[in-house]
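The values are calculated or read from the model by the stated rules, or taken from the named source; none is laboratory data. All of these numbers come straight from a predicted model, not from anything done at the bench. All Cβ positions, glycine included, derive from the backbone under ideal geometry; neighbour counts span all protein chains shown. Protein only, heavy atoms only, side chains kept; ligands, DNA and RNA dropped before computing areas. Shrake-Rupley method; radii C 1.70, N 1.55, O 1.52, S 1.80 Å.
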Number of protein chains: 2
Amino acid sequence: MAFSAHSQTVSTDVVLFTIRDDRLMVLLVRRPREPFGGYWALPGGLVHEQEDLDDCAARVLQAKAAVSGIYLEQLYSFGRPGRDPRGRVITVTYYALAPTNRLGETVMKDSDDRCWAPVDQLPALAFDHNEIVPLAHQRLAAKLEYSTIALQFMGERFTLSELQTVYEVILGESLDKRNFRRRLQGLRCIEETGEWFRGGSHRPARLYRVRQPGRVDIIK
Amino acid sequence: MAFSAHSQTVSTDVVLFTIRDDRLMVLLVRRPREPFGGYWALPGGLVHEQEDLDDCAARVLQAKAAVSGIYLEQLYSFGRPGRDPRGRVITVTYYALAPTNRLGETVMKDSDDRCWAPVDQLPALAFDHNEIVPLAHQRLAAKLEYSTIALQFMGERFTLSELQTVYEVILGESLDKRNFRRRLQGLRCIEETGEWFRGGSHRPARLYRVRQPGRVDIIK
């Protein structure tokens, strides 16, 4: 290296969101050793010598959540000196989104070394990870306004009520049904399947899907 | 260092925007040596051992543009292996905004080792810097929609026509005067000074200023 006087350590940490029981949750993993041994933390890892940052984040998701091919976007880089007691570590953070059915039963099940925490009830996390989750939540909420990012949480077919619930869970507030539907039409991102959902005592509801060609036309 | 097997080099590069002659310009500096010797590049520098990322970007601005205290925000981190032929360098990029009168005559004057280039007419830049400027421009344009960021380009007092020109220069398109003024009122970020600008053959125009307490209440 030509810059040995300036070498740093770089990691990525990933905020993986899902929605379970109408709550926005993030994946946490238990740190097996010091520093912050026994604390919950965001899944993360050191960037390898010949690895792109995005690839590192994808590798972390694969290793810690056994998932790939989901929405993944760089969030922000944190580099306060002293954030890691072992030495200078700069972390490039990402956030990722997936519906629970993409994550698999094993990953969704809480255990001693992996759990899902509601964004508004986080435990004390390792390092500066308690600063990272709110920033990711804020970015996600802001994107609802002008993008189709919420569709990342939907299954293949869904009702407009289900989609509205996703918005409400992320924003933490109730939305007016008529305004919500008008806004969705403006985004032109979903289409009717021609099928109906009939369940319980409610009136049948139209089923929608992401407009062709599917997830590719997500507006970032 | 506990992580010597994973050490990287981290830099910051700053896209400093100003508006000159109704064009959105970025500051470029000439690289004095290899790699990319003689090429134009964004001002940048290596992050010091005990330096926060924001502080490094501020130091770069002070060193290369003799300016401090202006709007400065982290943009994105670039870390493709091979982006620097000397070895692995991850750069945390920032963008900054200032009106020309904050920058001083010396800095505004083009020379052999420093120049201002219009964002839509960039020369071939060193490293991956040609990817960074459009991303910064895109972020800035997106922020016009929901923030008061454009006020960073204004002097102490300005007319609504001058402010509209700033929007048009950044967006690269003409705006409807009435819609523009309605949108501004929604942001509630400026107020009348009670003074008028009288110049040329135009009708006198009201002068505005940023609403109290000034630049502090900028919506990021």
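Looking at the structure I just gave you, is B:D13 within 14 Å of another protein chain (Cβ to nearest Cβ), in a loop (DSSP other than H, G, I, E, B) and open to solvent by less than 20 Å² (accessible area, probe 1.4 Å)? No; evaluated as a whole, the condition is false for this residue.
Selection of segment A:104-124 for residues being closer than 16 Å to A:A65 by Cβ, buried (at least 16 other Cβ atoms within 10 Å of the Cβ) and either of a type in the set (A, V, I, L, M, F, W, C) or in contact with a Phe, Trp or Tyr (Cβ under 7 Å, 6 or more places away or on another chain) (or both) yields A:V107, A:M108, A:C115, A:W116, A:A117. Restricting attention to segment A:33-42, the residues that are open to solvent by less than 30 Å² (accessible area, probe 1.4 Å), touching a strand residue (DSSP E or B) at 6+ places or on another chain (Cβ under 7 Å) and of a type outside the set (G, A, S) add up to 1.
Considering every residue within segment A:139-150, establish whether at least one is on the phi > 0 side of the Ramachandran plot, part of a loop (DSSP other than H, G, I, E, B) and either within 14 Å of chain B (Cβ to nearest Cβ) or in contact with an Asp or Glu (Cβ under 6 Å, 6 or more places away or on another chain) (or both). No, the conditions are met nowhere in segment A:139-150.
Looking only at segment A:21-32, decide whether some residue is open to solvent by less than 30 Å² (accessible area, probe 1.4 Å), of a type in the set (D, E) and either touching a Ser or Thr at 6+ places or on another chain (Cβ under 7 Å) or facing chain B (nearest Cβ under 9 Å) (or both). Spell out the reasoning first.
Filtering segment A:21-32 for residues open to solvent by less than 30 Å² (accessible area, probe 1.4 Å) gives A:24-29.
Of the ones still in play, those that are also of a type in the set (D, E) are none.
Checked segment A:21-32: no residue is open to solvent by less than 30 Å² (accessible area, probe 1.4 Å), of a type in the set (D, E) and either touching a Ser or Thr at 6+ places or on another chain (Cβ under 7 Å) or facing chain B (nearest Cβ under 9 Å) (or both).
Restricting attention to segment A:56-84, the residues that are within 10 Å of chain B (Cβ to nearest Cβ) and open to solvent by 40 Å² or more (accessible area, probe 1.4 Å) total 3. Going through (1) closer than 19 Å to A:T93 by Cα; (2) touching a helix residue (DSSP H, G or I) at 6+ places or on another chain (Cβ under 8 Å) one by one, A:P134 falls short only on (2).
Criterion applied to B:V107, B:V169 was being at pLDDT 95 or above and either outside the structural domain of B:R30 (by TED's automatic domain parsing) or β-branched (V, I, T) (or both), and the one residue passing it is B:V169.
Identify all residues within segment A:198-213 that are open to solvent by 40 Å² or more (accessible area, probe 1.4 Å) and either under 23 Å from A:L144 (Cβ atoms) or assigned to a helix (DSSP H, G or I) (or both); write none if there are none. Before the answer, list the steps.
Taking segment A:198-213 and keeping what is open to solvent by 40 Å² or more (accessible area, probe 1.4 Å), we get A:198, A:200-204, A:206, A:209, A:211-213.
Once the filter is applied, which keeps residues that are open to solvent by 40 Å² or more (accessible area, probe 1.4 Å) and either under 23 Å from A:L144 (Cβ atoms) or assigned to a helix (DSSP H, G or I) (or both), segment A:198-213 yields A:R206, A:R209, A:R211, A:Q212, A:P213.
Might you let me know whether segment B:46-54 holds any residue that is without any contact (Cβ under 8 Å) to a residue 12 or more places away in the chain, buried (at least 17 other Cβ atoms within 10 Å of the Cβ) and of a type in the set (S, T, N, Q)? Taking every residue of segment B:46-54 in turn, none turns out to be without any contact (Cβ under 8 Å) to a residue 12 or more places away in the chain, buried (at least 17 other Cβ atoms within 10 Å of the Cβ) and of a type in the set (S, T, N, Q).
Can you pull out every residue in segment A:181-197 that is in a strand (DSSP E or B) and not charged (D, E, K, R)? So that I can check it myself, show each step before the final result.
Initial filter on segment A:181-197 (in a strand (DSSP E or B)): A:190-197.
Passing the criteria: A:I190, A:T193, A:G194, A:W196, A:F197.
Scanning segment B:37-55 for residues that are closer than 19 Å to B:G87 by Cβ and within 14 Å of chain A (Cβ to nearest Cβ) yields B:G44, B:G45, B:L46, B:V47, B:H48, B:E49.
Of the residues making up segment A:85-126, those that are of a type outside the set (A, V, I, L, M), farther than 23 Å from A:A150 by Cα, within 14 Å of chain B (Cβ to nearest Cβ) and touching a strand residue (DSSP E or B) at 6+ places or on another chain (Cβ under 8 Å) are A:G87, A:R88, A:T91.
For segment B:177-186, does any single residue satisfy the condition of being of a type outside the set (S, T, Y), at positive phi and surrounded by fewer than 13 Cβ atoms within 10 Å (Cβ to Cβ)? Walk me through it before giving the result.
Taking segment B:177-186 and keeping what is of a type outside the set (S, T, Y), we get B:177-186.
Still in the running and at positive phi: none.
No.
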